[in-house]
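**Q** Here you go, one structure.
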Amino acid sequence: MPGKSQAHTDAVLNVLRGTTLNGVSPYVGLFSAAPANDAAAGTELAGNGYQRQAATFGAPATDTGNVRKLVNTNNISFGPATAAWLQAVAFGIFDAQTNGALLYWDVLPTPKTVEQDDYGQFAPGALVVKED
């Protein structure tokens, strides 16, 4: 089930204890094995021209079932791949281009294998981050 990382959930809850929650510059990463809300890290793609990509998001909006969501406003493009990548099955939103903390994650509606000289992309509005 998609969601927030355990660390980010704790950060949000700690706002009620007077801790501040700062904004981040979000980066999108791709996973060959999805993370989990219990702090299981998942397996992020690596090498062969892969790196996390910066994302911009529009204002929160209401989705089905009164769930709140954000969608990307920029074209997010990974690659080109210098060799085929493992199949991407999930994406994550991180607070840094390298290392950093995973904030949100979700499975991809259609898993994608990026072949050599190809790109992985999210068109504007295609990447959806939900909060209920």
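The values are calculated or read from the model by the stated rules, or taken from the named source; none is laboratory data. Just so we're clear, the structure is a prediction, and the values are computed from it rather than from any experiment. Here Cβ is always computed from backbone atoms with ideal geometry, including for glycine, and neighbour counts include all displayed protein chains. We work out accessible area using only protein heavy atoms, side chains counted, and drop any ligands, DNA or RNA first. Shrake-Rupley method; radii C 1.70, N 1.55, O 1.52, S 1.80 Å.
**Q** Between a residue in segment 3-26 that is charged (D, E, K, R) and any residue that is in a loop (DSSP other than H, G, I, E, B), which pairs come within a Cβ distance under 9 Å, given they are 6 or more apart or on different chains?
**A** That search, which allows pairs on different chains as well, returns Lys4/Asn37.
**Q** If you don't mind, there's one more thing I want to ask. Could you pull out the residue among Ala40, Ala36 that is more than 13 Å from the chain's Cα centre (by Cα), in a loop (DSSP other than H, G, I, E, B), within 15 Å of His8 (Cβ to Cβ) and at pLDDT below 95? Steps first, please.
**A** On the way: Ala36 fails: more than 13 Å from the chain's Cα centre (by Cα).
Answer to the selection: Ala40.
**Q** A follow-up question, please. Report whether or not Thr73 is within 17 Å of the chain's Cα centre (by Cα) and of a type in the set (Val, Ile, Thr).
**A** It is true that Thr73 is within 17 Å of the chain's Cα centre (by Cα) and of a type in the set (Val, Ile, Thr).
**Q** Filter segment 11-67 for residues that are of a type in the set (Val, Ile, Thr) and closer than 14 Å to Phe91 by Cβ and give the result. Give the steps one after another, and end with the answer.
**A** First, pick out the residues of segment 11-67 that are of a type in the set (Val, Ile, Thr): 12, 15, 19-20, 24, 28, 43, 56, 62, 64, 67.
Result: Val28, Thr43.
**Q** Tell me the residue from Gly92, Gly65 that is of a type in the set (Gly, Ala, Ser) and on the phi > 0 side of the Ramachandran plot, please.
**A** After applying the criteria, what remains is Gly65.
**Q** Can I ask one more? Determine whether segment 56-70 contains at least one residue that is over 25 Å from Gly125 (Cβ atoms) and surrounded by 12 or more Cβ atoms within 10 Å (Cβ to Cβ). Before you say what the answer is, go through the steps one by one.
**A** Keep residues of segment 56-70 that are over 25 Å from Gly125 (Cβ atoms), which gives none.
Checked segment 56-70: no residue is over 25 Å from Gly125 (Cβ atoms) and surrounded by 12 or more Cβ atoms within 10 Å (Cβ to Cβ).
**Q** So if I check each of Leu86, Leu108, which one is under 20 Å from Ala33 (Cβ atoms) and in a strand (DSSP E or B)? Spell out how you get there, then give the answer.
**A** Values: Leu86 fails: in a strand (DSSP E or B).
Just one listed residue meets the conditions, Leu108.
**Q** Do you know which residues across segment 111-132 are modelled with pLDDT of 95 or more, assigned to a strand (DSSP E or B) and open to solvent by 30 Å² or more (accessible area, probe 1.4 Å)?
**A** Within segment 111-132, Pro111, Lys112, Gln121 qualify.
**Q** Which number in (1) in contact (Cβ under 8 Å) with a residue 60 or more places away in the chain; (2) open to solvent by 30 Å² or more (accessible area, probe 1.4 Å) marks the one condition that Thr98 misses?
**A** (1)
**Q** Please identify the pairs in which a residue from segment 27-39 that is within 10 Å of Leu102 (Cα to Cα) and open to solvent by 10 Å² or more (accessible area, probe 1.4 Å) has its Cβ atom under 7 Å from the Cβ atom of a residue that is of a type in the set (S, T, N, Q) and in a loop (DSSP other than H, G, I, E, B), counting only partners at least 6 apart or on another chain.
**A** Tyr27/Gln97; Ala39/Ser5
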